[in-house]
Amino acid sequence: MYQSDVLVIGSGIAGGITALQLADAGLEVLLVTRSKDPTDSNTYYAQGGIIYKGKSDSPKLLTKDIILAGANLNNEKSAYILAKEGPKLIEDILIKRLNTSFDRDENGQLSLSLEGGHSISRIIHSKDATGKAIEISLINVLKKHPNVKILQNHTAIDLLTMSHHSKDKKKVYLEEECCGAYIFDNETKKVLHAIAKRTVLATGGIGQIFLRTTNPKGARGDGLAMASRARTRIINAEYIQFHPTTFYKEYGPLFLISEAVRGAGGKLVNKNGATFMEKYSPEWKDLATRDIVARSILNEMLTKSLSNVYINIYSYLSKNKIKKLFPNIYRKCLENGVDITQDLIPIVPSAHYFCGGVWTDEWGKTTIRNLYAVGEVACNGLHGANRLASASLLEGLVWGIRAAKDILNNITNLFQFNKRDILPWIDTGIEDPDPALIQQDMNVIKHIMWNYVGLIRSTKRLDRAIRELRNLEIEIEHFYRISRITDSLIGLRNSVQSALIITTAAWKNHNSCGCHYREL
Ligand code: FAD
Ligand code: SIN
């Protein structure tokens, strides 16, 4: 059993920053992550950068760009908060407190790049591995912090709420409140109670429920499903952002080709080298927002029966510049037989970012008392129907700090909850789950989501997806009950539940908007 002032689930930028701010203010924080290495997260893989401020920038101009990208479905207040508070937090927290190193120009000024949907250059970066630079500096500081205990290789199973998990059945009459989580220790295979005055959900995204994704293995919707089982409000779940440009190789690995490559001049072309984005977005061309670029690429592929299209960067940047700006992309492509200083880069779109999530107010509070959500798992309306490039690392930073501030303003010394009041974990499993069944079920979910709930949706496809996912959910729930618990089994159950949440939201919404596109 663990007892702390605050339980933070997830050690990416959002959870890590929340933990840091709370710990700096003197609270005891338990930071839990399912991965063995606490840096392993979507944050670690972020490439292009984080929004800072451009030369002639203003909060008003950035807010305008966020709302244009979000198809005007954004919560304007959230967009303005990000634009107003973001740059100072980058200076105070990332640069001064964490010492994260960002690229600078010959005058020592932060070097600014451009990405799709931005009206000016305002993104700072650490080569093409910005997330890695941020995440390593963050975890290094947290590891040494006396007020933070990091529990790695521990998977949160369920949020503890008084109406679901109290031994006192009369708690059901009170306002719903969260008092921690059941946590699975992947080494000892035991389930622990982590009891806390406040709980922060920072479990990231859902990309892995799609066949093709830029996201690493852990992005399987754990937080979304846990929050849904706890009955929090979930919004905008149909808005899945597909990144237009992921490296394509039949049976090869998928990895992101940063939008910064197009920001630096790269152009989308077909196999003959002809550009096509001017047909789809005469004004923005290759730097239109991601929803437009991804659908344009799909249209090119479908109408011309192509397996992929390409980016040409070598005609627009010198060899040296390519290698200097994009050393990791250059190396990874080379390992896969493509020299981007002289070859076209084969690409396809793939699932990238969850714009919806657990509803929160402007301080990260959810509809359950004492439960906060921050980062990609949360939705305060910032992104509307489609996220502006490089806005999500900043979102994690801004709302990590905001949630921590709100907690600090409201927390008391008193421990209201005790393990004795909470129902014990009951393991109903009688046998180890067969990994082949888990893998097969996971593959089915990924194919359903890719084929029926992908870039272009229709009633027929969504109907079919719901029916198949419901059947699968019944099967998986049975499998979950009769098997001994494992991290993969927890993930499988969360994946099918997240897939259903997303598909149902997509089915209900007949209006195409941003990255939710309905044919019929
Ligand atoms: P994450 O960083 O994903 O962290 C989630 C944490 O939760 C992890 O520690 C994970 O282990 C943990 N976790 C999950 N489930 C459980 C569980 N059940 N129990 C315990 N722990 C759990 N955004 C930008 O702004 N700029 C970019 O350049 C950029 N590039 C990107 C490139 C790639 C390839 C990808 C995949 C994303 C990119 N993004 C970028 C998006 C951005 O990285 C993410 O949206 C952001 O990092 C999310 O941060 P987070 O803290 O919310 O979640
Ligand atoms: C990229 O580098 O293209 C990813 C940026 C983002 O997802 O914001």
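For region 491-520, which residues satisfy the criterion of being part of a helix (DSSP H, G or I), open to solvent by less than 10 Å² (accessible area, probe 1.4 Å) and in contact with a helix residue (DSSP H, G or I) (Cβ under 7 Å, 6 or more places away or on another chain)?
Here is the first cut: in region 491-520, the residues part of a helix (DSSP H, G or I) are 491-508.
Add one more test, that the residue is open to solvent by less than 10 Å² (accessible area, probe 1.4 Å), and what stays is 491-492, 494-496, 498-499, 502-503, 506.
Of everything in region 491-520, those that are part of a helix (DSSP H, G or I), open to solvent by less than 10 Å² (accessible area, probe 1.4 Å) and in contact with a helix residue (DSSP H, G or I) (Cβ under 7 Å, 6 or more places away or on another chain) turn out to be Gly491, Leu492, Asn494, Ser495, Val496, Ser498, Ala499, Thr503, Ala506.
How many of the residues making up region 149-177 are within 19 Å of Leu20 (Cα to Cα) and open to solvent by less than 20 Å² (accessible area, probe 1.4 Å)?
Qualifying residue count, region 149-177: 1.
Is it the case, given these coordinates, that Leu224 is hydrophobic (A, V, I, L, M, F, W, C) and either surrounded by 22 or more Cβ atoms within 10 Å (Cβ to Cβ) or under 16 Å from the mean Cα position of the chain (by Cα) (or both)? Quick ask: steps written out before the conclusion?
Working: hydrophobic (A, V, I, L, M, F, W, C): yes; either surrounded by 22 or more Cβ atoms within 10 Å (Cβ to Cβ) or under 16 Å from the mean Cα position of the chain (by Cα) (or both): yes.
Yes, satisfied.
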Quick check, is Lys60 within 15 Å of ligand 1 (Cβ to nearest atom) and either assigned to a loop (DSSP other than H, G, I, E, B) or free of Cβ contacts under 8 Å to residues at least 60 places away in the same chain (or both)?
-> no
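Return yes when Tyr52 is within 16 Å of ligand 2 (Cβ to nearest atom) and open to solvent by less than 50 Å² (accessible area, probe 1.4 Å) and no when it is not. Don't jump to the end; show me each part of the working.
Details: within 16 Å of ligand 2 (Cβ to nearest atom): yes; open to solvent by less than 50 Å² (accessible area, probe 1.4 Å): yes.
The answer is yes for Tyr52.
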When both residues are 6+ apart or on different chains and their Cβ atoms are under 7 Å apart, which pairs have a first residue that lies in region 90-119 and is closer than 19 Å to Thr18 by Cβ, and a second that is within 16 Å of ligand 2 (Cβ to nearest atom) and at pLDDT below 95?
-> none
State the number of residues belonging to region 227-251 that are closer than 24 Å to Asp40 by Cβ, surrounded by 24 or more Cβ atoms within 10 Å (Cβ to Cβ) and more than 16 Å from ligand 2 (Cβ to nearest atom).
-> 1
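From the list Arg295, Arg233, Arg262, pick out the single residue that is under 26 Å from Gly49 (Cα atoms), touching a strand residue (DSSP E or B) at 6+ places or on another chain (Cβ under 8 Å) and basic (Lys, Arg).
Numbers: Arg295 fails: touching a strand residue (DSSP E or B) at 6+ places or on another chain (Cβ under 8 Å); Arg233 fails: under 26 Å from Gly49 (Cα atoms).
Just a single option satisfies the conditions, and that option is Arg262.
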Sort out which residues of region 277-300 are open to solvent by 50 Å² or more (accessible area, probe 1.4 Å), outside any loop (DSSP other than H, G, I, E, B) and of a type outside the set (S, T, N, Q), and write them in order of number.
-> Glu278, Lys279, Tyr280, Lys285, Ile292
Residues located in region 178-221, provided they are open to solvent by 20 Å² or more (accessible area, probe 1.4 Å), within 16 Å of ligand 2 (Cβ to nearest atom) and β-branched (Val, Ile, Thr) | Thr214
In region 13-32, residue nearest to Phe415 (Cα to Cα) [restricted to those that are of a type outside the set (A, V, I, L, M, F, W, C) and open to solvent by 10 Å² or more (accessible area, probe 1.4 Å)] = Glu28
Any residue in region 455-479 that's open to solvent by 50 Å² or more (accessible area, probe 1.4 Å): show its pairings with residues that are not in a helix (DSSP H, G or I) at Cβ separation under 9 Å, as long as the two are six or more apart or on different chains.
-> Lys460/Leu520; Arg461/Val453; Arg461/Gly454; Arg461/Glu519
Would you call Leu254 within 16 Å of ligand 2 (Cβ to nearest atom) and assigned to a loop (DSSP other than H, G, I, E, B)?
-> yes
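The values are calculated or read from the model by the stated rules, or taken from the named source; none is laboratory data. These figures come from a predicted structure and were not determined experimentally. Reconstructed Cβ throughout: ideal geometry from the backbone, glycine too, with neighbour counts over all protein chains shown. Only protein heavy atoms, including side chains, enter the accessible area calculation; ligands, DNA and RNA are left aside. Shrake-Rupley method; radii C 1.70, N 1.55, O 1.52, S 1.80 Å.
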